[in-house]
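Okay, structure first, notes after.
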Amino acid sequence: MLVLERRAERSVTAALVSPLVAIALTLVTMAVVFALLGKNPGTVLYVYFIEPLFDSYSLEEIVVKATPLVLIGVGLALCYHANVWNIGAEGQFLIGAVCGSWLAVKTNGADAGPWVLWAMLALGAVGGALYALIPALCKTKFGASEILTSLMLVYVADLVLDYLVRGPWRDPKGFNFPTTAAFDDNATVPILIEGSRVHLGALLALVAVVGAWLLLSRTIKGFEINVVGAAPRAARFAGFDANKLTIFTFMVSGALAGLAGIVEVAGPVGRLQPAISPGYGFTAIIVAFLGRLNPIGILIAGLFLALTFIGGELAQISIKLPLDVTRVCQGILLFYVLACDSLILYRIRWVQGRRATDAAH
Amino acid sequence: MGGVMVDASVAVAHVASGRAPLLKAVAITKKFGDFAANVSIDLDLYPAEIHALLGENGAGKSTLVKIIYGLIQPTEGDLIWQGQKVVLAGPSHARELGIGMVFQHFSLFENLTVAENVALGLPPDEPFAKIKARIVDVSTRFGLPLEPDRDVWRLSVGERQRIEIVRTLMQEPKLLILDEPTAVLTPQEADQLFIVLERLKSEGRAILYISHKLDEVKRLCDTATILRGGKKVAACNPREETAASLARMMVGSDIGEVKAAPSHTVGNARLVVKDLSVAPEDPHGVKLRNISLEVKGGEVFGVAGVAGNGQDEFFAVLSGETLTADNGKIVIDGHGAGELSISQRRLLGAAFVPEERLGHATVPRMPLSDNALLTGYDSPDMVRHSFILKNAMLSVVDRVTKAFDVRKAKRDPEAVSLSGGNLQKFVVGREILREPGVLVVCQPTWGVDAGAAAVIRQALIDLAARGSAVLVISQDLDELREISDRVAVMFRGGLSEPIAIAKADRETLGMLMGGSAVEQAEKEVAHAGA
């Protein structure tokens, strides 16, 4: 039978291999799912994961989709390192979009100058951070589980956005569609590659990756985050304040999610409307774990998950697969990532005969 | 050495008494990769006999015991239980046969109650109410008081050990294995345990007793097997040996005695606690009552006491993990520190070593260099402009390693991979190398082998001799008498008047630890009256 043996030290090889194993298992499982749907698994996998890589439009779109995933995922990694479970990045993303859009709506048509965009980005980040402060304070003041509060606030944010675009901010010339007017050029993120939709946000995401990597691996603040997450009592002994850190990580990740939100509406979408996110805030949770909570890993994981979005769209068009298959694929991937993580601390060994399973005693 | 001869005489004694061994381990060898933890070890355990297993950390005691308890399989060799060869499928199989074990590191679920923890180790068909009744029954029968409904996380180390012993006894083992059981007990608690063990022995059970404390092995055990470097180096009757001869067999050479400090002057008070009373954060914690003390520079001040009398709370208040309402209640080198955080107290020159090595003093899964940073980050040499300096951290690890002989597999391993003694040397060394003016240390040699304990105690004495004030909270009276200048006893959150060490005999301290000083005084008055 198979037994799990605890390793004396964390295995570096397993830490690198585990996400790859998870991806491989996901592909196998997806092939089975496709076969059950009556499609040729080989063809679908090709359309899903290979075809986008040979098409410049698809490659650009992967970067566009990866931008918010990486921005949010990096922030979430900070939280998760500290054992702070922010599940509500989607809500912080939406509120960031709303806060930044407020300025775009107010200055619409006024030709206010290039400062508008920068102010919008700042407002988006601040909005996201303040929205994330709510579950942080509920946890530190009242001991409320941040998993529940942050998640529930996603639906609040969704409804706030919905109300605004259907009510006060609706474009008067928009034929009653629930959207704001298209943003002015001054309120739009500049495009990096001519003729594509790749925008400034991609650079911001790279800056966030490098910044978070420096923070986590080189600074005392990053050390504090890791210690509070790994051993709360040792953190208290060291003199680190877990409550302050909960607020810090929540606000930083909220700011990054908010920034991702405003960049998204001021970039590829171009206006505030209800469907601005295909669930970036939730997919970013998978990105964070697939990237081993390491900023560089998150960059790669973000690109991979963006691929599943693009591949899903292609498969929808050419093979008539429902878009929900993409969600299934992402869910299966998270499942395998978490399962494979146990290989970092444990090794699998094949033993003959009857063996104890009660390792506790 | 005469190990073989002694061995033969022990064997002869058993042949004469005509008893068969309960468990016979024959030529047990265990290899982990290339490393041989046990090499061809023989061990015979007889009913109604207390058998000591002696050896330094890393001698292979734990491996051998884990094999006997079915936790790991030997690479070679056989176990013969009551004359029958057995292959243990696991601990539950060992328990079915009648082998019970009390571990040094407890495996208790902190969020469950005493009774729930016990129930987890028993077959699932027994009604919970009956389990509770049996706990009360066994614990009173053996004099190990336990409240079945208390949450484990509220209990002291000594109380937790009682759960482990009681839950093992409830399985009515024929062979009981105890790993360093007295490491956390006071003399009175240890005496109580010895009564329990003698009783189990008289009931015909075999006991395998692992310990570093040679005096208690001499007092309690009928035979001893001594391991060194994975091999059995001697078997003897400990009563015919001296503590020194046993130690020599264990270590392979003479071990250094702790040397008294060179004569030095005792200076001004560097750590002062003034009439400190603190209500516990935890409703089941101990309230500290009117504690006052002064530790002078150049002095080692011992705080004795049975586990769970407020030592944890006192340490937390001294370190700043719990803050006091009045800044003047704690004074470090003339500065009021009662409201200062632990970092600010460190900046005043104080250092702290908590009882738990893993999870409190260190982050188990972080390398030693990160654990050096844990208490050293507020000094400027390891952090510059909020960036951490890895080389400075590594050099601290190297300096501690050199000064305290920390043995480890590589330069910067994870804390959890070190043995207890070596990790404790690191944790104490980390603080001492900072040359603190005030050092507060809790249970400095808990579960640590003789060699490491001697190094740590010597370091504490030498630190005081250099002018620092050292406060040692310990349940090990021998330790306190070896290193302290004055001792006070903690009882139910209060602290006795300090006693000069020359006057602090076992009896006096024992009485204070049981809180009977007051009763005793009353009795004497009554006697005088009669």
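Please treat every number below as a calculation from the coordinates, not as lab data. Just so we're clear, the structure is a prediction, and the values are computed from it rather than from any experiment. Don't worry about glycine lacking a Cβ; one is built from the backbone with ideal geometry, like all the others, and counts go over all protein chains shown.
Ranking A:VAL64, A:VAL3, A:THR29 by Cα position along the charge dipole of region A:1-130, where only Lys, Arg, Asp and Glu carry charges on their C-beta atoms, puts A:VAL3 farthest toward the positive end. Mean separation of Cα pairs under 8 Å and 6+ residues apart, divided by the residue count of region A:98-211: what relative contact order is that in percent? Computed value for region A:98-211: 26 percent relative contact order. Summarised in one figure, the compactness ratio Rg/Rh of region B:242-363, Cα atoms and Kirkwood Rh, is 1.07. Rounded to the nearest 20 debye, the dipole size of the protein assembly as shown about its Cα centre is 1080 debye, using +1 on the Cβ of Lys and Arg and -1 on the Cβ of Asp and Glu. When the protein assembly as shown is described by a simple charge dipole with +1 on each Lys and Arg Cβ and -1 on each Asp and Glu Cβ, the residue from A:ALA129, B:PHE387, B:LEU340 located farthest towards its positive end is B:PHE387.
Among the complete DSSP H segments of chain B, which ones combine at least 20 Å of alpha-carbon extent along their axis with a mean Kyte-Doolittle hydropathy of -0.5 or more? Span-like helices here: B:3-17, B:187-202, B:390-404, B:450-465. Apply the a/c threshold of 1.5 to the C-alpha gyration tensor of chain B and tell me whether it is rounded, prolate or oblate. Here chain B falls in the prolate category. Put simply, region B:73-221 fits an ellipsoid with semi-axes of 24, 21, 15 Å; these come from the alpha carbon gyration tensor as the roots of five times its eigenvalues, largest first. Sorting A:TYR280, A:TYR346, B:TYR46 from the fewest to the most surrounding beta carbons within 10 angstrom yields A:TYR346, B:TYR46, A:TYR280. Here the Karplus curve 6.51 cos²θ - 1.76 cosθ + 1.60, taken at θ = phi - 60°, turns the phi angles of region A:189-204 into couplings of 6, x, 7, 8, 10, 3, x, 10, 9, 5, 10, 3, x, 4, 5, 4 Hz, with x standing for Gly and Pro. To the nearest ten degrees, helix A:89-106 and the longest principal axis of the Cα atoms of chain A are 10 degrees apart.
Helix content alone sets the calculated 222 nm mean residue ellipticity of chain B: runs of n ≥ 4 DSSP H residues at -39500 (n - 2.57) each, divided across all residues, give -11000 deg cm²/dmol. Between the listed residues A:GLY270, A:LEU204, A:PHE177, the Cα displaced farthest toward the positive end of the dipole of region A:74-277, a dipole computed from Cβ unit charges relative to the Cα centre, is found at A:LEU204. Taking the fewest neighbouring Cβ atoms within 10 Å as the starting point, the ordered list for B:VAL472, B:VAL65 is B:VAL65, B:VAL472.
When you work out D = kT/(6 pi eta Rh) for the protein assembly as shown at 4 °C and 1.567 mPa s, using the Kirkwood radius from C-alpha pairs as Rh and the Stokes-Einstein form, the result is 41 µm²/s.
For region B:168-271, state which trypsin sites (Lys or Arg not before Pro) are in a DSSP loop and have at most 14 other beta carbons lying within 10 Å of their beta carbon.
Answer by residue number: B:LYS259.
Could you please state, rounded to a whole Å, how far the C-alpha centre of region B:407-451 is from the C-alpha centre of region B:80-159? Rounded to whole Å, the Cα centres lie 31 Å apart. Taking every alpha-carbon pair in chain A and binning the separations at 10 Å intervals from zero gives 6, 22, 30, 25, 13, 4, 1, 0 percent. Rounded, prolate or oblate, given the Cα gyration tensor of region B:107-180, with a/c below 1.5 counting as rounded? Judged from the Cα gyration tensor, region B:107-180 comes out rounded (a/c under 1.5). Our note on the geometry: Cα centres of region B:233-307 and region A:60-116, 57 Å apart. Entry note, chain A: the mean residue ellipticity at 222 nm calculated from DSSP H runs of n ≥ 4, each adding -39500 (n - 2.57), is -22500 deg cm²/dmol after division by the residues and rounding to the nearest 500. Taking only alpha carbon atoms, region A:304-343 gives an Rg to Rh ratio of 1.11, where Rh is the Kirkwood radius.
FRET efficiency for A:VAL32 and B:LEU347, Cβ-Cβ distance as r, R0 = 56 Å, nearest 0.05? FRET efficiency, A:VAL32 to B:LEU347: 0.35. Mean per-residue shielding of peptide A:234-246 is 5, counting Cβ atoms of other chains within 10 Å of each Cβ.
Give me the lysines in straight-line cross-link reach of A:LYS244: C-alpha distance below 22 Å, same-chain residues under 8 apart excluded. Correct list for A:LYS244: A:LYS139, A:LYS141, A:LYS221. Rounded to the nearest 10 degrees, the inclination of helix A:220-230 to the longest alpha-carbon principal axis of chain A is 50 degrees.
Charged side chains reduced to their Cβ positions (Lys and Arg at +1, Asp and Glu at -1) give region B:79-204 a dipole of some 280 debye around its Cα centre. Ignoring the sites themselves, chain B has its longest run without GluC sites (Glu not before Pro) in a DSSP loop having at most 11 other Cβ atoms within 10 Å at B:282-530. Around the Cα centre of chain B, unit charges on the Cβ atoms of Lys, Arg, Asp and Glu (plus for the first two, minus for the last two) sum to a dipole of about 1020 debye.
The residues B:PHE426, A:PHE142, B:PHE387, when put in order of fewest to most other Cβ atoms within 10 Å, stand as A:PHE142, B:PHE387, B:PHE426.
Over region A:74-277, what is the mean sequence separation of C-alpha contacts under 8 Å (at least six apart), divided by residue count, expressed as relative contact order in percent?
41 percent
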